[in-house]
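Shown next, in structure tokens, is the structure this report addresses.
The values are calculated or read from the model by the stated rules, or taken from the named source; none is laboratory data. On a predicted model such as this, the values are computed, not experimentally measured, just so you know. So basically every Cβ, Gly included, is an ideal-geometry build from the backbone, and we count neighbours across all protein chains shown.
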Ligand SMILES: [Zn+2]
């Protein structure tokens, strides 16, 4: 198995991307980075790294961002401009993001954004001294930007979780808790809205994987938690997972990243709820479509 330069985790929110990021990053020669598309916006907002420090005080991210800004000749205004573009161009259903990947012309501002993204990834690659970057940004459109910026060397993992479990998870909101890694209030989301969101994002992942022409694997969250070693072996040849897994420096992601260590519990992927309901059976059929 040829090692890529970057493993990109794509999929819907609450599908277990942060857990997958941590498990891959635990392997020799791989490094968990969290949701890289949020790095610069989160850095400017003073959000926390998984090491417990603010990103601008974390030795890893402070070094990377300072060197990137110097290499790219970006002052504070330039960094803020890049942060705004990063959120806009990587928004999973944003019009500007989709125009950038499907439109006939690359605008000047998109080329500027892509150049700076390329330099950011180059600085990170050089800082990690040859380790494979693990980016759990999830956004399918951002996969295209990342593949264009790196000009190859990207392996995509399309992570799919049962929609019923995603609905259950998103129907529970969270209050803002900075120290727990919840940077803003997350209101509960309606079941219908989540079902539509799950369909659109997973369809967009298939489209963007095809457009990116990157090597790809599809993983079910339920298989990952039931048999993590075999699942990670699909991505890293000699995977080993046992005991507690240490969490490194993830710049953004689910609140799971704020734990110092994580454990994988077999059976945690089981879907709770009412499996006899029509809505469940319909969603279950859609999920089976992603057989892997
Ligand atoms: Zn850190």
Looking at (1) assigned to a helix (DSSP H, G or I); (2) under 18 Å from the mean Cα position of the chain (by Cα), can you tell me which one residue 168 breaks? (2)
Suppose we keep only residues that are more than 25 Å from residue 144 (Cβ to Cβ) and within 10 Å of the ligand (Cβ to nearest atom) within the stretch 33-53. Which one would you say is surrounded by the fewest Cβ atoms within 10 Å (Cβ to Cβ)? 52
All but one of (1) part of a loop (DSSP other than H, G, I, E, B); (2) in contact with a strand residue (DSSP E or B) (Cβ under 6 Å, 6 or more places away or on another chain); (3) within 21 Å of residue 150 (Cα to Cα) hold for residue 15; which doesn't? (3)
More than 16 Å from the ligand (Cβ to nearest atom), assigned to a loop (DSSP other than H, G, I, E, B), free of Cβ contacts under 8 Å to residues at least 24 places away in the same chain and surrounded by fewer than 19 Cβ atoms within 10 Å (Cβ to Cβ) - does that describe any residue in the stretch 63-73? yes
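Could you tell me whether residue 56 is within 14 Å of the ligand (Cβ to nearest atom), more than 20 Å from the chain's Cα centre (by Cα) and part of a loop (DSSP other than H, G, I, E, B)?
Values: within 14 Å of the ligand (Cβ to nearest atom): yes; more than 20 Å from the chain's Cα centre (by Cα): yes; part of a loop (DSSP other than H, G, I, E, B): yes.
In short, yes.
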Quick check on the stretch 251-266. Is at least one of its residues away from the ligand (no atom under 16 Å from the Cβ) and farther than 28 Å from residue 58 by Cα? yes
Taking residue 17 and the conditions (1) modelled with pLDDT of 95 or more; (2) away from the ligand (no atom under 13 Å from the Cβ); (3) buried (at least 24 other Cβ atoms within 10 Å of the Cβ), which numbered condition does it fall short on, given that it satisfies the others? (1)
For the stretch 230-254, give me the residue count where each residue is modelled with pLDDT of 80 or more and in contact with a helix residue (DSSP H, G or I) (Cβ under 9 Å, 6 or more places away or on another chain). 15
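Sort through 98, 198 and tell me the only one that's touching a residue at least 60 places away in the same chain (Cβ under 8 Å) and under 25 Å from residue 13 (Cβ atoms).
Values: 98 fails: touching a residue at least 60 places away in the same chain (Cβ under 8 Å).
Answer to the check: 198.
Answer yes or no as to whether residue 84 is assigned to a helix (DSSP H, G or I), within 16 Å of the ligand (Cβ to nearest atom) and within 28 Å of residue 205 (Cβ to Cβ).
In short, no.
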